[in-house]
Amino acid sequence: ENKTDTTPPALEILHPLDGQVFEQSKVAFEGKTEPGARVFAGTYEADVDENGTWTIVLILSPGANRATFVAVDAAGNESSATVSPR
């Protein structure tokens, strides 16, 4: 039986936390997704290892930031998660 995968991949942001304050502009974002899924922040693609752990370094602007990540699995299902560091 060949069932089509219609389940969006899990997507967690483990670091940074909402409202976390950074002095430096370059911040490493880390999280977990379904193994084999790809993770994007806008046009930038995160590095995802075989366990689904992902990392990407983004440049924050001064003040409030909002970073939205999108995970796409092999079947094309998408999910998104947002974090707002400062």
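The values are calculated or read from the model by the stated rules, or taken from the named source; none is laboratory data. Nothing here was measured: the structure is a model prediction, and the numbers come from that model. Note that each Cβ is placed from the backbone with ideal geometry, even for glycine, and that neighbours are counted across all protein chains shown. Keep in mind that these areas ignore ligands, DNA and RNA; they rest on the heavy atoms of the full protein, side chains included. Shrake-Rupley method; radii C 1.70, N 1.55, O 1.52, S 1.80 Å.
For the chain, report the % of Cα-Cα distances exceeding 18 Å. The partial results should precede the final answer.
Working: 1500 of 3655 pairs.
Within the chain, distances greater than 18 Å cover 41 percent of Cα pairs.
State in Å² the accessible area per residue of the chain; use a 1.4 Å probe, count heavy atoms of protein chains only, and round to the nearest integer.
64
Residue-wise, which Karplus ³J(HN,Hα) couplings in Hz belong to the range 26-31, taking 6.51 cos²θ - 1.76 cosθ + 1.60, θ = phi - 60°, and x for glycine or proline?
Running phi through 6.51 cos²θ - 1.76 cosθ + 1.60 with θ = phi - 60° gives 8, 10, 8, 9, 9, x Hz.
In nanometres, what is the gap between the two model label sites at T82 and T7, each 7 Å from Cα along Cα-to-Cβ?
For T82 paired with T7, the spin-label model returns 2.6 nm.
Ignoring ligands, DNA and RNA, please state the percent of accessible area on the chain from carbon and sulfur, probe 1.4 Å.
That fraction is 49 percent.
Which ³J(HN,Hα) values in Hz, rounded to whole numbers, follow from the phi angles of the range 35-41 under the Karplus curve 6.51 cos²θ - 1.76 cosθ + 1.60, where θ = phi - 60° and Gly and Pro get x?
Once θ is set to phi - 60°, the couplings for the range 35-41 become x, x, 7, 10, 10, 10, 10 Hz.
What residues qualify as long-range amide H neighbours of A10, i.e. H under 5 Å apart, gap of 5 or more or another chain, H built at 1.01 Å from N?
E34
Net charge near N65, counting Lys/Arg +1 and Asp/Glu -1 over other residues with Cβ under 15 Å of its Cβ?
+1
With each pseudo-label sitting 7 Å past Cα toward Cβ, what's the R38-H15 distance in nm, one decimal?
Output for this residue pair reads 2.6 nm.
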